[in-house]
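All remarks here apply to the structure that follows.
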Amino acid sequence: MIIEQCYAYCDVSGVTGNVTGFIGIINTYPIIINNCYVRGSINRHTPSNITPLDIYLSGFLPQVKEKNNTLDKCYSAVNYNFEDYETVTSKTKIYGIAYVNATAIRTYILGTSYYDSSLTKAPEKQTGEIGYDRTTEEMKTKSTFFTFDFSNIWNIDQNINDGYPYLRNV
């Protein structure tokens with residue numbers, strides 16, 4: 001499956017399992033994603049009558065378990081909101097882009113993809129995390145995205161898309 005030059009604005013909520021902003025489930029492999037972005041928010045709620053379970057939060061993709069996938073020239077600027085931060089640190093795995101398991105990561109082609117680390121609120125970079133973490137200020141700076149094609153595909157303007165890069169023709 002090939003996904004190119006698209007974006008999503010998300011407002012996603014979840015209690016258990018995988019909660020992602022761009023793609024919820026991948027059933028077809030390999031997957032190639034180029035020149036895409038996601039912005040928005042991911043919300044984790046734990047009702048008082050439910051015991052918190054392990055949950056994976058990621059801005060772009062759910063857990064990637066298969067080999068030979070590509071993610072290039074993409075970014076995630078997703079704000080993570082939690083009602084119960086104490087539970088987050090012990091039960092929640094937070095990934096700016098995606099989690100890739102040990103088998104798949106050996107053949108994963110990352111290219112240059114970024115996530116806004118100021119928004120993820122992750123206490124530290126997680127094992128299996130793919131993507132390069134940058135602050136909000138860096139994410140709104142053209143030089144951060146040095147491999148992105150700003151002549152034909154991307155543009156950046158402080159007055160458009162809240163200052164984050166955007167796709168020209170979408």
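No lab work stands behind these numbers, since they all come straight from the coordinates. Note that this is a predicted model, so its numbers are computed, not measured. All Cβ positions, even for glycine, are placed from backbone atoms using ideal geometry, and neighbour counts span all protein chains on display.
Can you give me the distance in nm between label points at Asn81 and Leu167, each placed 7 Å from the Cα along the Cα-to-Cβ direction?
Going by the 7 Å Cα→Cβ label model, 2.6 nm.
Using mean Cβ contacts within 10 Å as the protection proxy, how do 31-38, 5-12 order, highest first?
31-38, 5-12
In nm, to one decimal, how far is the Ser41 label point from the Thr141 one, both placed 7 Å along Cα→Cβ?
For Ser41 paired with Thr141, the spin-label model returns 2.8 nm.
Taking R0 as 35 Å, what FRET efficiency do you get between Asn68 and Phe150 from their Cβ-Cβ distance, rounded to the nearest 0.05?
Calculated value: 0.75.
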